[in-house]
Amino acid sequence: MILNKVYTLVFLRNEQQILLGLKKRGFGVNKWNGFGGKVEPKEEILDAAVRELKEECCMSVRKHNLKNIGNLQFTFEGEALMMDVRVFSATSFVGDPEETEEMLPKWFDYDKIPFEDMWLDDKLWFPYLLKDKLFYGRFHYQGYDKILNYTIQELNSM
Ligand code: 6U4
Ligand code: NA
Ligand code: NA
């Protein structure tokens, strides 16, 4: 039996740069990533996305400014969990990114995204994000540093 768990992943963007955070603890530690986490029981996904962004880098976004741009599903060899990650981007937001216990935020130019220090799958679907295309990806990992198989496709709608 597969246990499905829903997560959020939010990317703030402007014309020149994208905001990433260096994860300081827990799952994905030492990797640059968007901001997000587990959706709590009975919580709406958009509410979770807003909450995690605020908790992790002190940035505020309104729900209607979050655009659902992708869905990523991760499984791990020998584990029953499927991480069902809902990916969002926003170009309207408020605040200055601040370091928290969980994340060290930093703006990156689009041609300087640190793929070598990100999840292996990111370089496979970032091209869709950067071209404003909707995407679905499924990745089966062995451990955290090897992808055994994957599929990725562009979507017409989410
Ligand atoms: P705690 O530490 O319990 O508060 P929480 O913040 O709820 O955790 P966390 O940080 O474990 O959850 O959530 C994992 C985050 O990593 C989510 O935003 C989804 C994202 N993520 C998981 N696997 C990923 C992968 N392979 N590639 C990627 N993002 C991934 O780009
Ligand atoms: Na998190
Ligand atoms: Na969190």
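Before moving on, here are some points about what is shown:
- Residue list for region 66-103, filter: within 15 Å of ligand 3 (Cβ to nearest atom), among the β-branched types (Val, Ile, Thr) and assigned to a strand (DSSP E or B): 85
- Residue 21 near ligand 1 (Cβ under 8 Å from one of its atoms), modelled with pLDDT of 95 or more, in contact with a helix residue (DSSP H, G or I) (Cβ under 7 Å, 6 or more places away or on another chain) and among the small types (Gly, Ala, Ser): no
- Scanning region 62-92 for residues that are among the small types (Gly, Ala, Ser) and either buried (at least 17 other Cβ atoms within 10 Å of the Cβ) or touching a residue at least 24 places away in the same chain (Cβ under 8 Å) (or both) yields 70, 80, 89, 90, 92.
- All positions within region 12-42 that are surrounded by fewer than 18 Cβ atoms within 10 Å (Cβ to Cβ) and within 14 Å of ligand 2 (Cβ to nearest atom): 24, 25, 26, 27, 28, 29, 30, 31, 38, 40
- Every condition in (1) surrounded by 13 or more Cβ atoms within 10 Å (Cβ to Cβ); (2) under 15 Å from the mean Cα position of the chain (by Cα) is met by residue 158 except one, and the failing one is (2).
- Residue within region 52-59 that is over 17 Å from residue 106 (Cβ atoms) and either buried (at least 19 other Cβ atoms within 10 Å of the Cβ) or under 12 Å from the mean Cα position of the chain (by Cα) (or both) present: yes
- Test: residue in region 102-110 that is basic (Lys, Arg), on the phi < 0 side of the Ramachandran plot and in contact (Cβ under 8 Å) with a residue 60 or more places away in the chain: yes
- Inter-residue pairs, beta-carbon under 9 Å, first charged (D, E, K, R) and in region 41-53, second part of a helix (DSSP H, G or I) and surrounded by fewer than 16 Cβ atoms within 10 Å (Cβ to Cβ), 6+ apart: 44/63; 47/63
- Of all residues in region 24-40 being more than 7 Å from ligand 1 (Cβ to nearest atom) and without any contact (Cβ under 8 Å) to a residue 60 or more places away in the chain, the one that is nearest to residue 87 (Cα to Cα): 39
- With respect to the conditions (1) touching a Gly at 6+ places or on another chain (Cβ under 6 Å); (2) buried (at least 16 other Cβ atoms within 10 Å of the Cβ); (3) not aliphatic (A, V, I, L, M), residue 97 falls short on a single one, namely (1).
The values are calculated or read from the model by the stated rules, or taken from the named source; none is laboratory data. If you're wondering where the values come from, they're calculated on a predicted model, not measured in any experiment. Cβ atoms come from the backbone with ideal geometry, glycine included; neighbour counts cover every protein chain shown.
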